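*Asks:* Dropping a structure here in C-alpha cells format, bear with me for questions.
The values are calculated or read from the model by the stated rules, or taken from the named source; none is laboratory data. None of these values were measured; they are calculated from a predicted model. Positions of Cβ are generated from backbone atoms using ideal geometry, with glycine treated the same way; all protein chains shown enter the neighbour counts.
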Amino acid sequence: MLANEAELAQRASQRDPDAFAELYHAYVEKIYKYIYYKVGNPCEAEDLCDQVFLKAWEAIGRYTWYGYPFSSWLYRLAHNLVVDHYRTRREILPLDDALLIREEPVDPEAALASSVASSELRQAIQQLTREQRQVICLKFISGYANSEIAATMGKKEGAIRALQYRALRSLQAILEAEERKTREFDFLPLVTRQALAGSLALQGASA
C-alpha cells in the first residue's frame with residue numbers, strides 16, 4: 001500500500017484526476033497481471049484492465065476510504081469483469097497442447113515465483129477452486145502481502161495463510177499428476193503418440 005494512499009484515495013473520490021492518475025500508475029501493472037492469469041490472452045487482458053480503471057473512474061465519486069488498500073476495490077472490479085467476460089463469451093482459457101517434463105520434484109511455490117509465465121502453470125491454476133486461484137494470483141503474481149490479500153478478499157490473515165497452504169498443496173498434486181501423464185505419454189512409440197494426438201484433436205473439433 002502506498003504511504004499516502006489514504007490521501008490519494010480521498011482526493012480521487014472527489015474526482016481529482018492527478019490523484020487518480022497516481023493510483024492508476026501504482027496499480028495498473030498488478031491489475032493487468034491478475035487479469036492476464038485469469039484470461040490467458042494479452043489483448044483481452046489489456047482491454048479488461050482498461051475497463052477496470054474506466055469503471056473505477058466512473059464510480060469513484062461513490063468510493064469511501066475505510067483503511068483498506070485502494071487496490072482491494074480495483075481487484076473486486078477486475079474479478080467482476082472477468083466473471084462477466086466468461087459468462088458472456090462462454091470461453092475457456094487457451095491451453096498448450098503439451099506439458100513440460102520436469103526432472104526434479106515439483107515445488108509449486110518455486111514454480112510460481114520463477115515460472116509464472118508458463119501456460120502449463122496457468123492450466124494447473126485453473127483447476128483450483130475460485131478462492132484458491134484468487135489467493136495464488138494475488139500472492140505470487142501480483143506480489144501482495146497476506147494482510148493486503150485479507151483486506152481484498154474480506155478474510156482474516158490466518159484464513160488467507162490456510163487458504164494459500166491448501167492452494168499450494170492442490171497445485172503440487174495437479175502438477176505432479178500432469179507430469180506423470182506426460183512421462184507415460186512420452187514412453188509410447190512415436191507413431192502411437194501421433195495417432196493419439198490426432199484422435200484427441202478430432203474429438204476436440206467435434207465437441
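*Asks:* Where the second residue is not in a loop (DSSP other than H, G, I, E, B) and the first is on the phi > 0 side of the Ramachandran plot and lies in region 35-53, which pairs have Cβ atoms under 8 Å and are six or more apart or on separate chains?
*Replies:* GLY40/SER119; GLY40/ARG122
To keep it simple, each residue is scored yes or no on (1) assigned to a loop (DSSP other than H, G, I, E, B); (2) at pLDDT 85 or above.
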site	(1), (2)
GLU58	no, yes
GLY61	no, yes
GLY67	yes, no
GLU91	yes, no
ALA113	no, no
GLN123	no, no
ARG133	no, yes
GLN164	no, yes
GLN172	no, no
